[in-house]
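Only one structure is covered here, and it is reproduced in the block below.
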Amino acid sequence: MTWIIVLAVVFVNGLLVLVASPDMATYTSQRDRFFVIAAVGTVLYFVLAYWELRRRKAFAGRVAVETAATTHGSHAA
């Protein structure tokens, strides 16, 4: 679920650029910072989402193996 935090950070930063820019110079500097945060956030989002997908698949595989072992073990008795 850490990928949600990354999305929230990018979103909040975008709102700050949009709302908290009183003049063009401030907007330009905040926009440039947003571009960096958005680029890093995009990479982090995909890495963390892929990592979570792999973890969930591995967990589901372990549960399936344990369930199969338990099911087959109870029939043998």
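The values are calculated or read from the model by the stated rules, or taken from the named source; none is laboratory data. Predicted, not measured: the structure shown is a model, and the values here were computed from it. Heads up, the Cβs are rebuilt from the backbone with ideal geometry, glycines too, and the neighbour counts pull from every protein chain shown.
Being over 26 Å from ARG55 (Cα atoms) and outside any helix (DSSP H, G or I) is the filter; apply it to the range 1-41 and report the residue that is nearest to the chain's Cα centre (by Cα). My answer is ALA20. When restricted to residues that are of a type in the set (Val, Ile, Thr) and in contact with an Asp or Glu (Cβ under 9 Å, 6 or more places away or on another chain), the range 1-33 contains 1. ASN13 falls short on exactly one of the conditions (1) in contact with a Phe, Trp or Tyr (Cβ under 7 Å, 6 or more places away or on another chain); (2) modelled with pLDDT under 90, and that condition is (2).
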